[in-house]
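Just so you know, all these numbers are worked out from the coordinates, no wet-lab data involved. Note that the structure is predicted; figures quoted are calculated from it, not measured. Glycine gets a Cβ as well: all are built from the backbone with ideal geometry, and neighbour counts include every protein chain shown.
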Amino acid sequence: MSDGDSKPRKFPHPGAGRFRAAIHPKGRQLDSDAHDDILALLGDRSRQKDLLIEYLHLIQDKYRCLAPDHLVALAHEMRLSLAEIYETATFYAHFDLLGDDEPAPPEITIRVCDSIACEMAGAEALIDGLAGLAGKSGGNVRVKRAPCMGGCDCAPVAEIGHNQLPHASVETISEAVAAGAVAPVIPDYCNYDAYVAAGGYKLLRDCLSGGRSPEDIMDALDASGMRGLGGAGFPTGRKWRIVRDMPAPRMFAINADEGEPGTFKDRHFLETDPHRMLEGALVAAWVVGTDTTYLYLRDEYAAIRHILQKEIPILVSEGLVAADALRLRRGAGAYICGEESAMLESIEGKRGLPRHKPPYPAEIGLFGRPTLINNVETLHWVRDIMEKGPDWFSGHGRNGRTGLRTFSVSGRVAEPGVKIAHAGITLRALIDEYCGGMADGHTLHGYLPGGASGGILPASMDDIPLDFGTLEEHGCLIGSAAVVILSEQDSPADAALNLMRFFEDESCGQCTPCRAGCEKAVQLMETANWDQELLTDLSDAMTDASICGLGQAAPNCLKSVFRYFPDDIPGPK
């Protein structure tokens, strides 16, 4: 206003006059039909922000893609900016985002695993063979490469929709496509009634009725010597005490997002005896004093999701857990979400970017609350330890080690699969006693003792006890005990390249050492002559400066080739 003027001064619109433009709201506008679609999908579900990924799945499952108009409508309903919707949706591999006027993808998507065990079993030839099937489908079928699906013991694996085919071939895939077999096949498993008939949930009922105390449980876990079996190996009883001593409210997150190539033990437990893990989880929640437990399950395990969606409501009806106290959350195709803090971000409905530590999740975790995080296998053993006694668990072990380990064994053995064996067992004993020896026509050449990030050891080192703390001096890790067997017919250098490509694809991109390092390493490893000095410097930078374990451990396979397989390095000898 001007001095002494009682009326606001009028400023003309920039487009005023003869060529005034129509005024429209900025950005994408809400389409009424798309809004109706989203309203029908969401129904009376809560619009809270942490459910974003769940709702993106609803759209993807219904329409096979995420169209712009639907995302605008979802943003409107959840009171989120469109940027928040897109930054989350674009992060996860299992969401198909469309551009403007882009057609929906084909009705059937065939994903073929190209990770190490499947590559060894002929995945590349399978992908080539499926090109003809896609071409003959009239646009109804597409074929995509995919990272490990947790079926390494029955490689190569393909997924048609949500139906995983073991030992896949062009013929079996073609038959499944022709039959429209896109739904998951539900395996036989121990359901609630069978589990209770065998003594299940007695431990939990004892806890709830006062027959056990939290100290009883934690003392037994301490005495058993059980450590976290997701890979980190932190003492379980100590972790529970740390979180229990934190101020309430406390949270609990179960990590069922095993995506490490070569790892499928959690899948085995959940597909055969899911209630044993669920009872362990509910006991843990009671001990720590958490009101809400989140079970984060990788999206590739669609059959397990079906099982849990059926069995968890039974626990509610039986009064073993309060309604909505045990919440199942669905991953969306991001290996990084197996890292504990990235998993928490994903549960909160965001991109799975690992957090800087400290603070640790036990202090500030899910929704900013102290959070207990356990792996599926860790929880699986809780009931046995309490019923059979901590000495039963600690009484197992070889070569000075204690406890049991569940080894996921794949590759060139006669009988791959999940092997529950003594901690500290050597590779030679594991192959001979549990795997039926090497596969016909194959001789041991090397092995991955701990999955993609655990490095590679030569056959001459098949006598090292496999356990936490025994492999680090050799530049390797036991991790989640995923053992991949290489024979003389396999190249450790090729295996290392396959693993590095996996890490390149799965890097979250948050930190430069990992994002750029994995990409550059792949480029250098694809050449006919490896620059060992440059690759070594690059590996050291990734190990020293990456935010989380993905970038820190990604070079382990490469370093192992330099250290143990010098004759296999591409280039002049």
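Find how much the distance from Ala40 to Glu87 grows on full extension, using 0.36 nm per residue of separation minus their present alpha carbon separation; answer in nm with one decimal.
14.5 nm
Go ahead and collect, in residue order, the members of the stretch 94-110 whose backbone nitrogen is under 11 Å from a label point 7 Å along the Cα-Cβ direction of Asn140.
Output list for this probe position: 107-108.
In what sequence, highest mean first, do 560-570, 98-108 appear when ranked by Cβ atoms within 10 angstrom?
560-570, 98-108
Pop a pseudo-label 7 angstrom from the Cα along the beta-carbon direction at both Thr443 and Arg79 and give the gap in nm to one decimal.
Inter-label distance under the simple model: 7.0 nm.
Before anything else, pin down the relative contact order of the chain: Cα pairs under 8 Å, at least 6 apart, normalised by residue count, whole percent.
12
What ranking do 467-480, 518-531, 155-168 get when scored by the average of other Cβ atoms within 10 Å per residue, highest first?
155-168, 467-480, 518-531
Provide the FRET efficiency to the nearest 0.05 for the Asp537-Ala232 pair, computing r from the beta carbons and using R0 = 22 Å.
Between Asp537 and Ala232 the formula returns 0.20.
Please list, in order, the residues from the stretch 162-204 whose amide nitrogen is less than 11 Å from a point placed 7 Å along the Cα→Cβ vector of His306.
162-164, 182-188, by backbone N distance to the label point.
Could you calculate the contour length gain from Glu215 to Ala131, that is, 0.36 nm times the residue separation minus the distance between their Cα atoms, to one decimal place in nm?
Length gained, Glu215 through Ala131: 24.3 nm.
Take each of the peptides 140-150, 327-337, average the number of other beta-carbon atoms within 10 Å over its residues, and list them starting from the highest.
So the peptides 140-150, 327-337, ranked by packing, come out 327-337, 140-150.
Does the stretch 47-131 classify as rounded, prolate or oblate by the C-alpha gyration tensor (a ≥ b ≥ c root eigenvalues; a/c under 1.5 gives rounded; else a/b over b/c gives prolate, otherwise oblate)?
prolate
Residue separation times 0.36 nm, minus the C-alpha to C-alpha distance between Glu472 and Asp188: what's the value?
That works out to 98.3 nm of additional length.
Tell me, what is the FRET efficiency for Asp291 and Lys26 to the nearest 0.05, using R0 = 35 angstrom and their Cβ-Cβ distance as r?
After rounding to 0.05, the efficiency reads 0.25.
Would you mind getting me the FRET efficiency between Val196 and Ser169? Use the beta-carbon distance for r and R0 = 45 Å, nearest 0.05.
0.65
With each pseudo-label sitting 7 Å past Cα toward Cβ, what's the Asp505-Ala179 distance in nm, one decimal?
Reported label-point gap for Asp505 and Ala179 is 2.7 nm.
Please label the shape of the stretch 407-542 as rounded, prolate or oblate, based on the square roots a ≥ b ≥ c of the eigenvalues of the alpha-carbon gyration tensor (a/c under 1.5 means rounded; beyond that, a/b larger than b/c means prolate, else oblate).
Note, shape of the stretch 407-542 comes out prolate.
Calculated from the structure, Cα extents along the principal axes in Å equals which of (1) 107, 79, 59; (2) 81, 66, 51; (3) 92, 69, 58?
Answer label, from the structure shown: (3).
May I ask for the angle, rounded to the nearest 10°, between helix 532-545 and the longest principal axis of the chain, with both axes built from Cα atoms and the value confined to 0 to 90°?
The two axes meet at around 70 degrees.
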